[in-house]
1. By a straight-distance test (C-alpha under 16 Å), which lysines pair with Lys163 as possible cross-link partners, with residues fewer than eight away in the same chain excluded?
2. Between Arg77 and Thr37, how many nm apart are label points set 7 Å from Cα along the C-beta direction?
3. May I ask you to list, by number, the DSSP H helices of the chain whose Cα span along the axis is at least 15 Å and whose average Kyte-Doolittle hydropathy reaches -1.0 or more?
4. For the chain, with a Gaussian network of springs between Cα atoms less than 10 Å apart, report the residue from Ala75, Ala33, Ala144 with the top mean-square fluctuation.
5. So for the pair Lys155, Glu120, with labels modelled 7 Å out along Cα→Cβ, what separation do we get in nm?
6. For the chain, modelled as a GNM with alpha-carbon contacts under 10 angstrom, which of Leu113, Leu56, Leu24 fluctuates the most?
7. Which lysines does Lys87 reach when only Cα atoms under 16 Å apart count, and residues fewer than 8 places away in its own chain are ignored?
8. Determine the shape class of segment 82-151: with a ≥ b ≥ c the square roots of the Cα gyration tensor eigenvalues, call it rounded for a/c under 1.5, and otherwise prolate if a/b is greater than b/c, oblate otherwise.
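FYI, it's all coordinate maths here, none of it is from the lab. The structure displayed is predicted, hence computed values, not measured ones. Heads up, the Cβs are rebuilt from the backbone with ideal geometry, glycines too, and the neighbour counts pull from every protein chain shown.
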Amino acid sequence: MKRLFLELFLFIAAAVGAGYAWHLHGKVGSDTAKVQTMTERGEDAEKKLEEVTEALQAAQKELEPLRLQSQQLNAVRAALSNGVTAKDLEASYAKEKSLSPERHLGVGVLRLLSSGQADEATVESLKKALAAADWGSRKQVICAAQNALALGGQKVEVLAECKPEAPKLAATTD
């Protein structure tokens, strides 16, 4: 009888052990699938990160010349901030009866750099440059004056031929 109980106990233990082993096998299989999925997602994320990093590096290379130009512009503004140069130029031009569009433009841009966009004399000078210029031979003056007025905060319709080209951005692929 002891042997029968022992055999029955061993049979039940084997059945429970087999069931538990089957359960663990199924769980390991599902965990393996999850790990595989997460690994694939991680690899995709790494590829996208590399693409974004390359795009960022390309954008930084494109920004470097703009940083240099910004520093140069800041240096010019600092040098002209007291307005003495603009006043001297206006005083020397005051002796002439009429100014060319280029000279009006030069005074306006110099005042824009030294006084800022809120200065009425800047706007007036740039508008005089537009009024004095004829389109055929003065397209560059007109474009420069329109762009300067627009950059100076004035609501001016800039001609399509005069609009500055937008900087090319690095294309990113998804």
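1. Lys139, Lys155
2. Calculated label separation equals 5.4 nm.
3. Helices meeting the criterion: 2-80, 101-115, 120-132, 135-151.
4. Ala33
5. According to this spin-label approximation, the distance is 1.9 nm.
6. Highest fluctuation of the listed residues: Leu24.
7. Excluding near neighbours in sequence, the set is Lys95.
8. oblate
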